[in-house]
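> Got a structure for you, questions after.
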Ligand code: MSP
């Protein structure tokens with residue numbers, strides 16, 4: 001089964017400091033989407049990376065008494081360690097300090113300059129130094145930077161400019177012709193108003209710092225960090241180099257995933273640059289909400305961050321991934337709290353899923369010596385369970401196509417809930433007392449075992465460590481053909497399979513002592 005290609009990216013994060021669970025959310029979400037697409041037959045490519053240039057990084061390095069290079073090497077090693085711990089399976093990790101990236105940025109800059117889309121001019125404007133961005137008066141928010149709210153200063157600089165204004169009309173047409181291009185619609189509306197309020201040409205070089213890619217024909221200037229950064233999505237595919245096979249295969253990106261803070265860069269600057277370069281635009285720019293703390297948006301500069309390493313140590317990867325992906329509703333903000341995390345673990349994972357697995361396996365062991373028996377014709381609640389199991393893959397796929405991960409998990413958990421209710425309705429412990437009802441008991445146990453197989457396959461993109469643990473207990477650790485998306489038609493689990501009870505999947509967390 002081959003459904004075509006799927007290219008998904010996360011933002012490339014700033015190595016100004018270690019990452020927090022806000023960043024982890026985006027990357028884990030992209031990973032779950034990539035895994036789901038892979039599982040359902042797409043030739044998938046998943047890119048993440050680090051955005052290593054700019055004044056912020058230069059300053060962060062200085063404050064630690066390091067060179068920018070030493071600083072980013074150390075922090076980026078931490079990014080990779082974190083993604084490993086969170087079971088993030090990216091296909092490529094691009095660093096903007098790599099020669100393969102710099103080459104493409106320089107080529108693109110030169111191309112736009114040669115064709116007259118980049119020009120040099122003297123510029124006077126309001127400058128936000130933390131954001132490294134110039135603003136015209138009309139875009140300021142009560143005299144402050146509209147992005148970060150901090151004060152701006154009047155600066156005069158000789159700079160290179162990208163003729164972004166030239167592309168405003170085509171950009172609007174594109175957004176209007178492709179309603180799916182910017183998601184969710186609230187963000188699209190914001191971008192449309194932003195463009196309609198007037199697009200200025202974009203200042204694309206700086207002379208105020210050195211830590212960046214020099215403008216190829218004028219080494220006094222370094223290339224503006226956002227042009228440098230956005231280009232990662234094609235430099236990682238080898239665009240414009242001798243071997244551009246990945247570019248040919250995977251571009252345009254299917255999804256650029258991010259939070260709402262950087263949608264404007266991705267849905268205005270990036271498409272305008274691509275138009276100027278004569279390249280295809282990404283299919284979708286998708287913005288999720290922010291993970292908030294009661295003290296506001298989690299951010300390194302505010303110092304109110306939650307360290308994902310600590311959470312993984314304490315609760316395990318699958319639990320953290322489940323919590324993040326289930327809790328953040330698609331498109332809106334959500335508050336992080338450890339209480340909510342513990343409640344999810346205890347309720348959804350320990351009570352609902354963990355108990356379903358352990359009691360089902362325990363009953364097959366108790367009543368049939370661990371051997372799954374064949375099912376007889378459905379009766380009572382059987383058909384309802386089977387129908388729901390068979391409908392769930394489609395329901396999950398529909399949610400995933402909308403990138404609504406939380407609803408996808410909710411759909412899987414409806415099946416978990418139905419299976420738990422089925423245990424109560426069928427009361428195997430009563431059936432077991434009556435030898436005449438042996439066939440009925442086999443059927444109930446078969447249906448439960450088969451439900452576990454469905455639930456595990458469907459959960460695997462979200463909780464990558466879960467499947468191996470369940471397959472061992474369900475007695476099919478080496479039966480790849482029973483663990484794949486294509487095997488999701490009811491009745492594939494072979495009677496005769498020998499189950500074996502193992503450790504509880506998600507131990508309950510004692511809320512009295514363990515918060
Ligand atoms: N380097 C730029 C991105 C360049 S992409 C070409 C950048 N880096 S960042 O380190 O600041 O990362 C911003 C992104 O991190 C957000 O868009 C989002 O994906 C993620 N998040 C950071 N904090 C977050 C929350 N509190 N909540 C949700 N996502 C968060 O911007």
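The values are calculated or read from the model by the stated rules, or taken from the named source; none is laboratory data. Everything numeric here is computed off the predicted structure, so don't read it as measured data. Cβ sites come from the backbone with ideal geometry, for glycine too, and all protein chains shown count toward neighbours.
> Inside segment 245-279, can you point out the residues that are within 14 Å of the ligand (Cβ to nearest atom) and in a loop (DSSP other than H, G, I, E, B)?
Within segment 245-279, just 253 meets the criteria.
> How many of the residues in segment 290-339 are outside any loop (DSSP other than H, G, I, E, B) and either in contact (Cβ under 8 Å) with a residue 60 or more places away in the chain or surrounded by 14 or more Cβ atoms within 10 Å (Cβ to Cβ) (or both)?
The total comes to 24.
> Follow-up. With the condition kept exactly as written, say whether any residue in segment 452-467 is part of a loop (DSSP other than H, G, I, E, B), touching a strand residue (DSSP E or B) at 6+ places or on another chain (Cβ under 6 Å) and in contact (Cβ under 8 Å) with a residue 40 or more places away in the chain.
no
> Please tell me if residue 233 is farther than 23 Å from residue 135 by Cα, away from the ligand (no atom under 16 Å from the Cβ) and in contact with a strand residue (DSSP E or B) (Cβ under 6 Å, 6 or more places away or on another chain).
no
> Which members of segment 7-19 meet the condition of being near the ligand (Cβ under 7 Å from one of its atoms) and either without any contact (Cβ under 8 Å) to a residue 24 or more places away in the chain or within 20 Å of residue 60 (Cβ to Cβ) (or both)?
Listed by number, the residues that qualify are 11, 12, 13, 14.
> Right, something else. Report yes if some residue within segment 280-293 is away from the ligand (no atom under 13 Å from the Cβ) and more than 21 Å from the chain's Cα centre (by Cα); otherwise report no.
Yes; the residues of segment 280-293 include at least one that is away from the ligand (no atom under 13 Å from the Cβ) and more than 21 Å from the chain's Cα centre (by Cα).
> Just need a number here: residues in segment 238-281 that are touching a helix residue (DSSP H, G or I) at 6+ places or on another chain (Cβ under 8 Å) and touching a residue at least 60 places away in the same chain (Cβ under 8 Å).
Final tally of qualifying residues: 24.
> Also, I was wondering about something else. Six or more apart or on different chains, Cβ atoms under 8 Å: show the pairs whose first residue is in segment 206-230 and over 21 Å from residue 10 (Cβ atoms) and free of Cβ contacts under 8 Å to residues at least 12 places away in the same chain and whose second is assigned to a strand (DSSP E or B) and within 16 Å of the ligand (Cβ to nearest atom).
214/222; 214/223
> Which of the helices (runs of 4 or more DSSP H) found entirely inside segment 16-116 contain at least 1 residues meeting this: crowded, with 20+ Cβ neighbours inside 10 Å and at pLDDT 95 or above?
21-39, 68-85, 99-114
> To continue, here is another question. Considering each residue of segment 32-54, count those that are within 13 Å of the ligand (Cβ to nearest atom) and either on the phi < 0 side of the Ramachandran plot or touching a strand residue (DSSP E or B) at 6+ places or on another chain (Cβ under 8 Å) (or both), and give that number.
Residues in segment 32-54 being within 13 Å of the ligand (Cβ to nearest atom) and either on the phi < 0 side of the Ramachandran plot or touching a strand residue (DSSP E or B) at 6+ places or on another chain (Cβ under 8 Å) (or both): 7 in total.
> In addition: Looking at 76, 72, 28, can you tell me which residue is out of contact with any helix residue (DSSP H, G or I) (no Cβ under 8 Å at 6 or more places or on another chain) and either within 23 Å of residue 261 (Cα to Cα) or within 15 Å of the ligand (Cβ to nearest atom) (or both)?
76 is the lone residue from the list that is out of contact with any helix residue (DSSP H, G or I) (no Cβ under 8 Å at 6 or more places or on another chain) and either within 23 Å of residue 261 (Cα to Cα) or within 15 Å of the ligand (Cβ to nearest atom) (or both).
> Considering only segment 147-189, how many residues are loosely packed, with under 15 Cβ neighbours inside 10 Å and within 22 Å of residue 282 (Cβ to Cβ)?
12
> Another question, if that's okay. Looking only at segment 357-381, count how many residues are more than 25 Å from residue 505 (Cβ to Cβ) and out of contact with any helix residue (DSSP H, G or I) (no Cβ under 6 Å at 6 or more places or on another chain).
Final tally of qualifying residues: 5.
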